[in-house]
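Here is the structure we will look at.
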Amino acid sequence: MISPLAFVDPSAIIGENVTVHPFAYIDKNVVIGNNNVIMPYASVLSGARIGDGNTIYQGAVISAVPQDFNFKGEETIARIGNDNTIREYAVISRATHPDGETCIGDNNFIMQAVRLSHDVHVGNHVIVGNGSQVSGDTTIEDHAILSSCVLMQQHTRVGQWSLVQGGCRFNKDIPPYIVAALEPTVYHGVNKLVLSNCGFSERVLRHISSAYRLIFQASIINLDDALDKIRNQVPMSEEIENIIAFCQKTQLGLIK
């Protein structure tokens with residue numbers, strides 16, 4: 001299943017039922033699991049740790065050297081989970097330091113020309129749209145969607161089940177279950193269409209909306225005060241707990 005026209009370093013560890021097409025490049029210090037497909041001209045570079053069932057399309061680069069002036073040439077890791085689709089010319093960089101990791105979870109769809117920089121953490125079932133640029137040390141939680149050409153600045157986070165509309169750029173955190181839109185990027189309501197299609201009840205959606213009215217639409221300046229009001233006024237559920245926990249951990253603040 002490995003084309004003689006591909007380059008595969010003899011030290012690379014490759015699992016069962018892996019297809020490596022002509023002109024693909026597999027570097028040293030690479031581990032590839034079972035049932036993967038590496039398309040022509042894709043590059044899997046040193047430090048890549050790839051799980052099972054992934055498809056890596058033409059021209060994609062996995063475990064690229066980080067574009068970070070703090071990188072001093074150490075052996076670092078880019079870890080890819082299972083059942084991911086990584087489309088043409090996407091670039092995923094490895095970590096800057098040996099004690100860190102770039103980490104991509106399972107069942108993600110990384111579209112054409114996406115860049116995921118050093119030490120990015122992507123959860124599961126995430127979609128990153130064409131041409132989006134995700135800076136280093138960022139986090140994208142489960143089921144989040146970044147539409148095309150999103151610019152995600154360093155150290156920011158996107159919460160689970162949130163949708164960031166195309167062309168947005170932001171330097172603060174986007175909390176769970178919302179739509180972020182416009183320029184500058186602002187809260188644009190609860191992500192009701194996706195959430196309802198994925199089985200969230202009307203009751204839960206109402207409670208999420210109530211929580212975000214207190215955070216974004218009420219005349220409350222202090223985020224801690226808003227979270228206290230949520231605890232007192234909104235029925236508690238897993239979703240409300242997720243909102244509170246995400247907001248409590250913010251270092252950069254939330255989008256407006």
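The values are calculated or read from the model by the stated rules, or taken from the named source; none is laboratory data. No experiment lies behind these values; they were computed from the predicted model shown. As a convention, Cβ positions derive from the backbone with ideal geometry for all residues, glycine included, and neighbour counts pool all protein chains shown.
Could you list, in sequence order, all residues of the stretch 7-23 that are closer than 18 Å to Pro40 by Cβ, part of a loop (DSSP other than H, G, I, E, B) and either more than 26 Å from the chain's Cα centre (by Cα) or without any contact (Cβ under 8 Å) to a residue 12 or more places away in the chain (or both)? Steps first, answer last, please.
Filtering the stretch 7-23 for residues closer than 18 Å to Pro40 by Cβ gives 7-9, 12, 14, 18-23.
Going one step further and asking which of them are part of a loop (DSSP other than H, G, I, E, B), we end up with 9, 12, 18, 21-23.
Correct list: Asp9, Ala12, His21, Pro22, Phe23.
Residues in the stretch 167-197 that are closer than 13 Å to Phe216 by Cβ, in a loop (DSSP other than H, G, I, E, B) and in contact with a helix residue (DSSP H, G or I) (Cβ under 7 Å, 6 or more places away or on another chain): Pro175, Tyr177.
Would you confirm whether any residue within the stretch 196-217 is loosely packed, with under 14 Cβ neighbours inside 10 Å, out of contact with any His (no Cβ under 9 Å at 6 or more places or on another chain) and at pLDDT below 95? Yes; the residues of the stretch 196-217 include at least one that is loosely packed, with under 14 Cβ neighbours inside 10 Å, out of contact with any His (no Cβ under 9 Å at 6 or more places or on another chain) and at pLDDT below 95.
Among residues belonging to the stretch 208-256 that are part of a helix (DSSP H, G or I) and touching a residue at least 60 places away in the same chain (Cβ under 8 Å), point out the one that is nearest to the chain's Cα centre (by Cα). Break it down into steps so the answer makes sense when it comes.
Taking the stretch 208-256 as the starting set, the residues that turn out to be part of a helix (DSSP H, G or I) are 208-217, 223-233, 238-248.
Among the residues that remain, those that are also touching a residue at least 60 places away in the same chain (Cβ under 8 Å) are: 239, 242-243, 246-247.
Details: Glu239: 20, Asn242: 18, Ile243: 18, Phe246: 16, Cys247: 18 Å.
Checking each candidate, the answer is Phe246.
Filtering the stretch 116-159 to residues that are surrounded by fewer than 23 Cβ atoms within 10 Å (Cβ to Cβ), assigned to a loop (DSSP other than H, G, I, E, B), within 10 Å of the chain's Cα centre (by Cα) and not charged (D, E, K, R) leaves Gly123, Asn124, His125, Thr138, His143.
When you scan the stretch 72-79, do you find a residue that is in a loop (DSSP other than H, G, I, E, B) and farther than 22 Å from His118 by Cβ, even just one? Reasoning before the result, please.
Filtering the stretch 72-79 down to residues in a loop (DSSP other than H, G, I, E, B) leaves 72-76.
Next cut, farther than 22 Å from His118 by Cβ only: none.
No: zero hits.
Set side by side, the residues Ser132, Ser196, Ser148, Ser162 differ, and just one is over 20 Å from Ala48 (Cα atoms), free of Cβ contacts under 8 Å to residues at least 12 places away in the same chain and not charged (D, E, K, R), which is Ser196.
Among the residues of the stretch 43-76, the ones that are buried (at least 20 other Cβ atoms within 10 Å of the Cβ) and more than 19 Å from Val20 (Cβ to Cβ) come to 2 in all.
Can we say Ala180 is of a type in the set (Gly, Ala, Ser), in contact with a Phe, Trp or Tyr (Cβ under 7 Å, 6 or more places away or on another chain) and surrounded by 19 or more Cβ atoms within 10 Å (Cβ to Cβ)? Please lay out each step first, then the result.
Details: of a type in the set (Gly, Ala, Ser): yes; in contact with a Phe, Trp or Tyr (Cβ under 7 Å, 6 or more places away or on another chain): yes; surrounded by 19 or more Cβ atoms within 10 Å (Cβ to Cβ): yes.
The answer is yes for Ala180.
All told, Thr102 falls short of being of a type in the set (Val, Ile, Thr), out of contact with any Cys (no Cβ under 6 Å at 6 or more places or on another chain) and not in a strand (DSSP E or B).
Here Ile255 fulfils each of the conditions (1) of a type outside the set (Phe, Trp, Tyr); (2) crowded, with 21+ Cβ neighbours inside 10 Å; (3) closer than 15 Å to Val128 by Cα apart from (3). Looking across the stretch 120-144, the residues that are touching an Asp or Glu at 6+ places or on another chain (Cβ under 8 Å) and closer than 15 Å to Phe109 by Cβ come down to Gly123, Asn124, His125, Val126.
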